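The values are calculated or read from the model by the stated rules, or taken from the named source; none is laboratory data. Fair warning: this is a prediction, and the values are worked out from it, not measured in the lab. Glycine also receives a Cβ, built like all others from the backbone with ideal geometry; neighbour counts cover every protein chain displayed. Surface areas here come from the heavy atoms of the whole protein model, side chains and all, with no ligands, DNA or RNA. Shrake-Rupley method; radii C 1.70, N 1.55, O 1.52, S 1.80 Å.
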Amino acid sequence: MADRDRVIARIADTIAGIEPSLWDSLAGNANPFLSHSFLSALEVSGSVGGQSGWSPLPILVEDAGEIVAAAPAYLKSHSQGEYVFDHGWADAWQRAGGDYYPKLQVAVPFTPVPGRRLLGTRPQALLAALEAVTEQNGLSSAHATFIADEEQDDFAARHWLIRHGIQYHWFNRGFGSFDDFLDTLASRKRKALRKERQAAQQGLEIVALRGTEVLPAHWDAMWAFYRDTGSRKWGRPYLTRAFFDRIAEAQTDALLLFLALREGQPIAGALNWIGEDTLYGRYWGCTDEVPYLHFELCYYQAIDWACRNGLDRVEAGAQGEHKLARGYEPVITRSAHFIPNPSFRDAVARFVEAEREGVAIEIEALRAELPFKQA
């Protein structure tokens with residue numbers, strides 16, 4: 001297929017089958033989840049593909065025989081593992097007699113981290129290719145979730161619907177230590193955080209392990225934590241054990257693990273990825289319930305590490321208004337949606353517009369609840 005500029009678009013079988021240096025030259029190195037090593041680890045480990053409902057369908061754009069753009073796309077047979085919920089859209093379309101699935105999903109599977117989805121230098125050609133794949137194969141829709149802010153205009157230029165959501169991110173405003181951050185909080189909030197940290201650490205040793213410091217026994221513990229959390233939240237974990245083995249080898253320098261030890265034995269852990277300027281909190285779990293330990297490992301340790309290592313922000317995953325009291329601020333996240341059917345598109349457009357207005361009101365209310373001296 002070709003767009004109006006007559007560049008060529010094609011579908012690859014897998015991301016793992018694409019030359020790593022080529023993919024990474026398009027993705028850049030700011031966001032570790034867009035890297036070839038992360039995305040291919042999902043495929044090789046069996047976390048996507050097979051019966052997972054995520055069939056890799058990477059879209060590539062060529063100009064004069066050179067690949068100049070790519071999108072991490074998947075053919076989806078369900079809406080799980082996306083964190084931007086469209087179940088209501090699926091129900092409405094199927095009640096009207098249509099088949100909502102399969103759909104085209106441009107995303108990093110199971111990873112609600114904002115970042116570029118149109119990789120390389122030809123975003124409009126890439127969008128034209130995504131639209132062509134959707135229409136030529138009779139798919140109900142295409143979705144790009146957690147797009148970068150700067151990509152919004154590219155999607156809007158082709159009349160994709162822009163949807164807003166909310167996450168909570170912590171911002172480093174020149175802090176050199178956790179105490180510097182605490183000094184910006186109102187007195188009552190500052191005391192509450194200190195009490196939480198004291199209670200969480202009582203009788204425990206908290207360690208931060210990076211890269212090769214994370215040993216096989218630590219990975220065994222983290223897998224047990226993740227599996228327990230995944231079983232309770234989703235019914236079954238999205239990721240396989242082989243995925244953790246793969247990233248331990250392929251993304252060693254990007255990994256940071258916080259562990260809580262009782263008498264030398266891990267009882268809880270939080271796995272993070274280190275980006276160019278951001279610490280990304282991703283997976284957490286525990287075998288012993290300790291008050292405030294989730295906050296300590298997932299939020300406070302992350303803030304402390306970011307301060308000491310000069311990172312600009314911490315992104316601690318999807319949802320969670322409880323993050324507000326811990327200094328994580330509400331931010332807008334964005335997704336983009338292409339719906340070929342005019343009637344269905346109009347209905348979804350009305351919903352999305354109303355939802356954006358609601359998100360704007362909610363953001364304003366949430367900011368009033370921030371714990372800072374001058375929120």
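Quick one: how many residues across region 239-277 are outside any helix (DSSP H, G or I), of a type outside the set (Gly, Ala, Ser), surrounded by 20 or more Cβ atoms within 10 Å (Cβ to Cβ) and in contact (Cβ under 8 Å) with a residue 40 or more places away in the chain? Lay out the reasoning, then the answer.
Within region 239-277, the subset outside any helix (DSSP H, G or I) is 239-240, 251, 255-277.
Next, only the ones that are of a type outside the set (Gly, Ala, Ser) stay: 239-240, 251, 255-259, 261-263, 265-267, 271-274, 276-277.
Within this subset, residues satisfying the condition of being surrounded by 20 or more Cβ atoms within 10 Å (Cβ to Cβ) are 239, 255-259, 266, 271-274.
From what is left, the residues that are in contact (Cβ under 8 Å) with a residue 40 or more places away in the chain are 239, 255-259, 266, 271, 273-274.
Matching residues across region 239-277 total 10.
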Inset, instruction - Considering only region 201-221, state which residues are in a helix (DSSP H, G or I) and within 15 Å of Thr252 (Cα to Cα). - result: Gly211, Thr212, Glu213, Pro216, His218, Trp219
Legend entry - Scan of region 304-323 for residues that are part of a helix (DSSP H, G or I) and surrounded by 19 or more Cβ atoms within 10 Å (Cβ to Cβ), ordered by number: Asp304, Trp305, Ala306, Cys307, Lys323
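If a residue has to be among the aliphatic types (A, V, I, L, M), open to solvent by 20 Å² or more (accessible area, probe 1.4 Å) and under 17 Å from Trp284 (Cβ atoms) to count, how many in region 213-238 make the cut?
Restricting attention to region 213-238, the residues satisfying the condition of being among the aliphatic types (A, V, I, L, M) are 214-215, 217, 221-222, 224.
Now restrict to residues that are open to solvent by 20 Å² or more (accessible area, probe 1.4 Å): 215, 217, 224.
From what's left, under 17 Å from Trp284 (Cβ atoms): 224.
The number of residues fulfilling the criteria is 1.
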Legend entry - Which listed residue is more than 18 Å from Ser140 (Cα to Cα) and buried (at least 23 other Cβ atoms within 10 Å of the Cβ), from Val108, Val61, Val68: Val61
Legend entry - Criterion: more than 28 Å from Arg188 (Cβ to Cβ) and among the acidic types (Asp, Glu) - qualifying residue of Asp346, Asp312: Asp346
Inset, instruction - Please work out which one of (1) of a type in the set (Ser, Thr, Tyr); (2) crowded, with 17+ Cβ neighbours inside 10 Å; (3) assigned to a helix (DSSP H, G or I) is the condition Ser343 fails and give its number. - result: (2)
Legend entry - Set Leu193, Leu185, Leu215: member being aliphatic (A, V, I, L, M) and within 19 Å of Leu259 (Cβ to Cβ): Leu215
Inset, instruction - Output the number of residues of region 299-312 satisfying the condition of being in contact (Cβ under 8 Å) with a residue 40 or more places away in the chain and in contact with a strand residue (DSSP E or B) (Cβ under 9 Å, 6 or more places away or on another chain). - result: 9
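Quick one: which of Arg356, Arg334, Arg350 is open to solvent by 70 Å² or more (accessible area, probe 1.4 Å), touching a residue at least 12 places away in the same chain (Cβ under 8 Å) and basic (Lys, Arg)?
Step by step, each of Arg356, Arg334, Arg350 is checked, and only Arg356 is open to solvent by 70 Å² or more (accessible area, probe 1.4 Å), touching a residue at least 12 places away in the same chain (Cβ under 8 Å) and basic (Lys, Arg).
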Legend entry - Residues satisfying the stated conditions in region 214-238, i.e. without any contact (Cβ under 8 Å) to a residue 24 or more places away in the chain and of a type in the set (D, E, K, R): Asp220, Arg232, Lys233, Arg236
Legend entry - Unique residue being modelled with pLDDT of 95 or more and out of contact with any strand residue (DSSP E or B) (no Cβ under 8 Å at 6 or more places or on another chain) when the list is Glu249, Glu289, Glu315, Glu296: Glu249
Legend entry - Looking only at region 155-179, and only at residues there that are farther than 30 Å from Glu131 by Cα and out of contact with any Lys or Arg (no Cβ under 9 Å at 6 or more places or on another chain), the one that is least open to solvent (accessible area, probe 1.4 Å): Phe175
Legend entry - Residue within region 143-165 that is over 29 Å from Glu362 (Cα atoms), in contact (Cβ under 8 Å) with a residue 40 or more places away in the chain and not in a strand (DSSP E or B) present: no
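Go over the candidates Ser55, Ser37, Ser79 one by one and state the one that is surrounded by fewer than 23 Cβ atoms within 10 Å (Cβ to Cβ), in contact with a helix residue (DSSP H, G or I) (Cβ under 6 Å, 6 or more places away or on another chain) and under 30 Å from Ser343 (Cα atoms).
Numbers: Ser55 fails: in contact with a helix residue (DSSP H, G or I) (Cβ under 6 Å, 6 or more places away or on another chain); Ser37 fails: under 30 Å from Ser343 (Cα atoms).
On inspection, the qualifying residue turns out to be Ser79.
Which residue is farthest from Val290 (Cα to Cα), if the candidates are limited to region 180-195 and must be open to solvent by 60 Å² or more (accessible area, probe 1.4 Å) and in a helix (DSSP H, G or I)? Please lay out each step first, then the result.
Kept after step one, since they are open to solvent by 60 Å² or more (accessible area, probe 1.4 Å), are these residues of region 180-195: 180, 183, 188, 191, 194-195.
Now drop any that are not in a helix (DSSP H, G or I), which leaves 180, 188, 191, 194-195.
Details: Asp180: 26, Arg188: 23, Lys191: 19, Arg194: 16, Lys195: 14 Å.
Taking the candidates together, the pick is Asp180.
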Legend entry - Of all residues making up region 196-209, the number that are open to solvent by less than 50 Å² (accessible area, probe 1.4 Å) and of a type in the set (Asp, Glu): 1
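Residues in region 125-145: is at least one among the small types (Gly, Ala, Ser), touching a His at 6+ places or on another chain (Cβ under 7 Å) and either open to solvent by 50 Å² or more (accessible area, probe 1.4 Å) or closer than 30 Å to Gly320 by Cα (or both)? Step through it out loud before you land on a result.
Initially, region 125-145 is screened for residues among the small types (Gly, Ala, Ser), giving 125, 128-129, 132, 138, 140-142, 144.
From the residues that got through so far, the ones that are touching a His at 6+ places or on another chain (Cβ under 7 Å) too are 141.
Among the residues that remain, those that are also either open to solvent by 50 Å² or more (accessible area, probe 1.4 Å) or closer than 30 Å to Gly320 by Cα (or both) are: 141.
Yes, region 125-145 contains a residue that is among the small types (Gly, Ala, Ser), touching a His at 6+ places or on another chain (Cβ under 7 Å) and either open to solvent by 50 Å² or more (accessible area, probe 1.4 Å) or closer than 30 Å to Gly320 by Cα (or both).
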Legend entry - Gln198 being polar (S, T, N, Q), at pLDDT 95 or above, over 30 Å from Asn341 (Cα atoms) and assigned to a strand (DSSP E or B): no
